[in-house]
Amino acid sequence: MKRRDLLLMVLQAGAILTLPKPLQFFASEKKNALLTEVTGGGNPLRFPPLFNNGGIMTLAQSTVQVWPSQNTQVIAINGSYPGPTVRIQKGQTLIVNFFNNLNEEATVHWHGLIVPESMDGHPKDAIMPQSSYTYTYTVLQRAGTYFYHSHAHHLTAKHVFKGFAGFFIVTDPAENFNLPSGNYDVPLCIQDHRISDIPNFNYAPGTDEMHWGYLGDTVLVNGTPDAYLEVSRTLYRFRLVNGSNARVYKIAFSDNSPFNIIATDGGLKDAPVQATQLMLSPGERVEILFDFSSYSINQSVTLQSLAFSHGGTLPYKQGIPLGIIRFDVVNNISSGGEIPASFNAINYYNSNEVVNTRVFTLSMVSQAPFHRINDLTFDMKRIDWQTPQLALEKWRIINATQDFHPMHVHGVLWQVLSRNGNTNLPPCDKGWKDTVLVNPTETVEVLVRFNDYRGIYLFHCHNLEHEDDGMMLNFRVTEPIGIKQISSGVPAEFKLHQNYPNPFNPATKIRFDITSVESVRVVSARLIVYDITGKEAAVLYDGTLKPGEFEVEWNASSFPSGVYFCKLITGSFTQTIKMILAK
Ligand SMILES: [Cu+2]
């Protein structure tokens, strides 16, 4: 688009304002200019093609027409920018045969998805140029709006800026709240680019931009510049993904209309919460319900980012007002969706049950690498700490800098506990999260417990320039605290030993041996306690183990006296012992 055409569009849209250069389509701080008559202009919102549960994703340089009649070199998947939208039902298995046709390494991180280490897209597991890898895992977690994107070492920011990202939507028929669906359930991936670079996605951050992040001055939604969507006078569900490298948005409608926040990063909240604005930092998602029924046909309203103050020394700054997408009201068809009074209850962690507190101080230094966590910079081969499975931990994140840091964790969903000690949190903090915005000089605490997989995962800033600069640490999720390895010698056979003491009150110890299975280095093992009726009383262990002799303690102080059975299940081997709790 030529600059003159852009100006025409701004004029046609009614946003006749003196704007700082460069021009910002839809951008406005003047309220009376915001609710405008539809006059056209812009491009209809695009939707990436759907990707089923299995198939090929080929990553390659591609040429697409982001701006009409102009070619843009992007990094696309199957020729699509953004990448195809994965839409999968909870419980189903995704199989992606991923081909890297770039001339540099690549990985796919399934952001917010809880997957085994080898599927997580860690930069150590990079797929070399002209090579392929099969990502496959069963989606076990809550329905919600997730996304996938590049996570290659020192290349993440460039890859994402050039287009390597896509939606990952998990559905769950059990969560049926009569929310708007089909055409009324609209994913919006928000990314900023630079008007002066149109039609190119140039990525060449200078030193200052490595400090503050690579920011733009125009917003693309689902890869659509100056996007608009024709809507009905009815209720819509919008799934917002901040897929920008560094930009934080202060989301609001141009006429300050209220909306309902219904979901955070990890799916539905316990109840909708009405709001008129919210902060959305890179890597975060939020879902809102918005009702267009109070608008007349031919009216429009714009979703925008409001101005806010923030440091920064570059021409491209955080906090500039930006238009995101215009909604043109065109008909009266009803979506049939409703705003429910509540969703399913969320079990919030009890901070009294925290067994370990970790402190992470975010800092910036004058020499590269600039961004540090506990004065460390990312080392692919270094494991910075170990977290036992099933232990509730409090992570205190202290931002000692003047910049935003949206902190993101892999392998788990966490809960925000406090901001500067205040547990009265904004609605976007309350619920399941994997990314939390830590504001300049702020301290944020999250509660985190790894239930699902052990292995090496990442904790990092989702400002992608900060991440590539090394603001990222490795940690390892290890065996739960309750299990002790007594010997690493390889026992002759699988065996479950009689517990001791027995009878017992209230605790007893149970030993078991894991032997090696030919060509298999780790085996899965479950140690379950059943009561006399056959009902499961306790899961003492559920995970993978290398060969060795192990001991687990069962504290039965909350169980009644009686006969219990403990069963070891590993592969086809099972053995059961009888235990007597005598209080
Ligand atoms: Cu950061």
Among residues of segment 313-337 being open to solvent by less than 30 Å² (accessible area, probe 1.4 Å) and outside any strand (DSSP E or B), the residue farthest from Asn298 (Cα to Cα) is Leu314
Checked segment 338-370 for anything open to solvent by less than 30 Å² (accessible area, probe 1.4 Å) and closer than 30 Å to Asn424 by Cβ; matches are Pro340, Phe343, Ile346, Phe360, Leu362, Ser363
By residue number, the members of segment 433-446 that are assigned to a loop (DSSP other than H, G, I, E, B) and open to solvent by 10 Å² or more (accessible area, probe 1.4 Å) are Asn439, Pro440, Thr441, Glu442
Mind checking which residues of segment 279-301 are farther than 24 Å from Gly144 by Cβ and in a strand (DSSP E or B)?
-> Gln299, Ser300, Val301
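I need the full set of residues from segment 97-108 which are crowded, with 23+ Cβ neighbours inside 10 Å and under 22 Å from the mean Cα position of the chain (by Cα), in order please. I'd like the intermediate steps shown before the answer.
We begin by selecting, within segment 97-108, every residue crowded, with 23+ Cβ neighbours inside 10 Å; these are 100, 106-108.
Scanning segment 97-108 gives Ala106, Thr107, Val108.
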Counting only strands (runs of 3 or more DSSP E) entirely within segment 120-201, those with at least 2 residues that are surrounded by fewer than 18 Cβ atoms within 10 Å (Cβ to Cβ) and not hydrophobic (A, V, I, L, M, F, W, C) are 131-138
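Can you find a residue that is within 35 Å of the chain's Cα centre (by Cα), at pLDDT 90 or above and assigned to a strand (DSSP E or B) anywhere in segment 520-527?
Looking only at segment 520-527, we keep the residues that are within 35 Å of the chain's Cα centre (by Cα), and these are 520-527.
In the following step, the residues that additionally are at pLDDT 90 or above were identified as 527.
So of that shortlist, the ones also assigned to a strand (DSSP E or B) come out as 527.
Within segment 520-527, one or more residues are within 35 Å of the chain's Cα centre (by Cα), at pLDDT 90 or above and assigned to a strand (DSSP E or B).
So if I check each of Asp197, Asp226, which one is among the acidic types (Asp, Glu) and free of Cβ contacts under 8 Å to residues at least 40 places away in the same chain? Explain how you work it out, then say what you get.
On the way: Asp226 fails: free of Cβ contacts under 8 Å to residues at least 40 places away in the same chain.
Among Asp197, Asp226, only Asp197 is among the acidic types (Asp, Glu) and free of Cβ contacts under 8 Å to residues at least 40 places away in the same chain.
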Strands (runs of 3 or more DSSP E) enclosed by segment 340-413 - at least 1 residues per element that are in contact with a strand residue (DSSP E or B) (Cβ under 9 Å, 6 or more places away or on another chain) and within 13 Å of the ligand (Cβ to nearest atom) = 356-364, 371-373, 393-399, 405-409
Within segment 484-504, is even one residue away from the ligand (no atom under 16 Å from the Cβ), among the β-branched types (Val, Ile, Thr) and open to solvent by less than 50 Å² (accessible area, probe 1.4 Å)?
-> no
Identify all residues within segment 488-513 that are small (Gly, Ala, Ser) and within 18 Å of Leu527 (Cα to Cα); write none if there are none.
-> Ala507
In segment 414-432, which residue that is part of a loop (DSSP other than H, G, I, E, B) and out of contact with any helix residue (DSSP H, G or I) (no Cβ under 9 Å at 6 or more places or on another chain) is farthest from the ligand (Cβ to nearest atom)?
-> Asn424
Report yes if Ile481 is part of a loop (DSSP other than H, G, I, E, B), closer than 28 Å to Gln386 by Cα and not hydroxyl-bearing (Ser, Thr, Tyr), otherwise no.
-> yes
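Name the single residue, out of those in segment 447-481 being aliphatic (A, V, I, L, M) and within 16 Å of the ligand (Cβ to nearest atom), that is surrounded by the most Cβ atoms within 10 Å (Cβ to Cβ).
As a first pass, look at segment 447-481 and keep what is aliphatic (A, V, I, L, M): 447-448, 456, 458, 464, 471-473, 477, 481.
Cutting the leftovers down to within 16 Å of the ligand (Cβ to nearest atom) gives us 458, 464, 471-473.
Working: Leu458: 22, Leu464: 29, Met471: 27, Met472: 26, Leu473: 21.
Looking at residues that are aliphatic (A, V, I, L, M) and within 16 Å of the ligand (Cβ to nearest atom), I get Leu464.
The values are calculated or read from the model by the stated rules, or taken from the named source; none is laboratory data. This one's a predicted model, so the numbers in the text were calculated from it and none came from an experiment. Heads up, the Cβs are rebuilt from the backbone with ideal geometry, glycines too, and the neighbour counts pull from every protein chain shown. With ligands, DNA and RNA removed, areas are computed over all heavy atoms of the protein, side chains included. Shrake-Rupley method; radii C 1.70, N 1.55, O 1.52, S 1.80 Å.
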